[in-house]
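Participant: First, the structure itself, so that you have it in front of you.
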Protein chains: 2
Amino acid sequence: MLHLASSTDPAWAPSARDHLESILLDHAHCEKKAASTAVSLIFRYPERPGLMIPLARLAREELAHFEEVIEALRARGLEYRRLAPSPYAARLMTAVRSHEPARLLDTLLCCGLIEARSCERMGLLAEVLEDPALVKLYRGLLACEARHFDTYLDLARGEDLAPEDQLLARLEQLAAHEAAVLRETPGEIRLHGATGPLLQSDP
Amino acid sequence: MLHLASSTDPAWAPSARDHLESILLDHAHCEKKAASTAVSLIFRYPERPGLMIPLARLAREELAHFEEVIEALRARGLEYRRLAPSPYAARLMTAVRSHEPARLLDTLLCCGLIEARSCERMGLLAEVLEDPALVKLYRGLLACEARHFDTYLDLARGEDLAPEDQLLARLEQLAAHEAAVLRETPGEIRLHGATGPLLQSDP
């Protein structure tokens, strides 16, 4: 349903659980980035009024999640702070073609795939976490991520960027790219990192 | 209460009423810009965690207003589209000092003054508009703008950027600058424009 071309390595979730501060912190940054991406699309495509309200709603939800994750950090005695991002999203976006409307199509599909991967990983987290408040948080959020994947796909369809068969073929290509990017994303434990070596200097 | 150093020219509101499409369209862009400014401050100041949740909430409200104004345009058979911005905000921000923490203090105070001016102008619009739906929209929004002014001032105070007397003195200076910028903002009818010549090629 989520069109992902790979499943996360089973070793990821236990590693993530053991580096929960990094995961929560990275997650807060991801929600912030997701909101800013939606806002930047609103700025970039004023001539596509059909995008405006759905993207604004999406950005509002991402911001509300950002707030929720900061509260979850605080409930554990931790505080939001700067964190070097995973190179995942930037590498994923290298596949976006530069000419319109392919640029918009690819951007929407890549944004959708990030939501899909977030959904998968939040599901894995919800299975291994022990804190009931965090399990509840991630169960709630994974449903939103799945809905956001649908939103991005619906926006691509609604803007008539490509015939349906071409849209699905491109989604499949980008999903293969996403799986390769994820596999090659090194190092620290991140919401969108590979399993990677467990760094002691965390994060 | 709003600390503005000038009152809007009484000719502005009737002109705005007569160029309602421009005003609504400009207003939608202003809400979008306000949201993106709050998001950009979240990105710029991760080492100030006290700013994160208030700015995220503020950005969510601005996005919700953006959606409301687009719906108001649609209710009148109009659609959101590109619009050259008023130079008001960019000119206002030229007063922001480049060293921290003065940069953050000035930015928060200028953002607050934009909210204050929006509040004043929305009040004037609510008085002259005839469409009850728009009067209701602007009455609702002007209360939010006043609250946002308070939020920006509270954030400046909460971050201990300057002693209270210096903060108020700087607010007064910036308010005088805002009044000058507004007076000199030429041309088209905008939410934050001077009265200006009424252009026939609207907007």
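The values are calculated or read from the model by the stated rules, or taken from the named source; none is laboratory data. These numbers were taken from a predicted model, which means no experiment stands behind them. A quick note on method: Cβ atoms are made from the backbone with ideal geometry, for glycine too, and the neighbour counts reach across all protein chains shown. For the accessible areas, the whole protein counts, side chains as well, though only heavy atoms, and no ligand, DNA or RNA atoms are used. Shrake-Rupley method; radii C 1.70, N 1.55, O 1.52, S 1.80 Å.
Participant: Every residue in the range B:152-170 that is closer than 17 Å to B:Glu115 by Cα and of a type in the set (Asp, Glu), please.
Facilitator: Of everything in the range B:152-170, just one residue is closer than 17 Å to B:Glu115 by Cα and of a type in the set (Asp, Glu), namely B:Asp154.
Per-residue answers, yes or no, for (1) aromatic (Phe, Trp, Tyr); (2) touching a strand residue (DSSP E or B) at 6+ places or on another chain (Cβ under 7 Å); (3) within 24 Å of A:Ile42 (Cα to Cα):
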| residue | (1), (2), (3) |
| --- | --- |
| B:Leu55 | no, no, yes |
| B:Tyr88 | yes, no, yes |
| B:His99 | no, no, no |
| B:Ala116 | no, no, no |
| B:Glu120 | no, no, no |
| B:Leu141 | no, no, yes |
| B:Leu167 | no, no, no |
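Participant: With within 14 Å of another protein chain (Cβ to nearest Cβ), β-branched (Val, Ile, Thr) and closer than 28 Å to A:Arg183 by Cβ as the only criterion, which of A:Val69, A:Val128 stands out?
Facilitator: A:Val69
Participant: Which numbered condition trips up B:Ala133, out of (1) open to solvent by less than 50 Å² (accessible area, probe 1.4 Å); (2) among the aliphatic types (A, V, I, L, M); (3) part of a helix (DSSP H, G or I)?
Facilitator: (1)
Participant: Has the range B:86-101 got any residue that is within 14 Å of chain A (Cβ to nearest Cβ) and more than 14 Å from the chain's Cα centre (by Cα)?
Facilitator: no
Participant: Looking at the range B:40-50, which of its residues are closer than 13 Å to B:Leu108 by Cα and either of a type in the set (Gly, Ala, Ser) or within 10 Å of chain A (Cβ to nearest Cβ) (or both)?
Facilitator: Answer for the range B:40-50, where residues must be closer than 13 Å to B:Leu108 by Cα and either of a type in the set (Gly, Ala, Ser) or within 10 Å of chain A (Cβ to nearest Cβ) (or both): B:Ser40, B:Ile42, B:Tyr45.
Participant: Based on what the data block shows, is B:Ser118 within 30 Å of B:Asp160 (Cβ to Cβ), part of a helix (DSSP H, G or I) and among the polar types (S, T, N, Q)?
Facilitator: Yes: the conditions hold for B:Ser118.
Participant: Just give me the residues in the range B:147-161 being out of contact with any Lys or Arg (no Cβ under 8 Å at 6 or more places or on another chain) and surrounded by fewer than 19 Cβ atoms within 10 Å (Cβ to Cβ), in sequence order.
Facilitator: B:Arg147, B:Asp150, B:Asp154, B:Arg157, B:Gly158, B:Asp160
Participant: Answer with yes or no whether A:Arg139 is assigned to a helix (DSSP H, G or I), touching a residue at least 12 places away in the same chain (Cβ under 8 Å), over 20 Å from A:Val181 (Cα atoms) and open to solvent by 60 Å² or more (accessible area, probe 1.4 Å).
Facilitator: It is true that A:Arg139 is assigned to a helix (DSSP H, G or I), touching a residue at least 12 places away in the same chain (Cβ under 8 Å), over 20 Å from A:Val181 (Cα atoms) and open to solvent by 60 Å² or more (accessible area, probe 1.4 Å).
Participant: Out of all the residues in the range A:151-161, is one or more under 24 Å from A:Leu24 (Cα atoms) and modelled with pLDDT of 95 or more?
Facilitator: No: zero hits.
Participant: Can you tell me how many residues within the range B:142-170 are assigned to a loop (DSSP other than H, G, I, E, B) and aromatic (Phe, Trp, Tyr)?
Facilitator: Count: 0.
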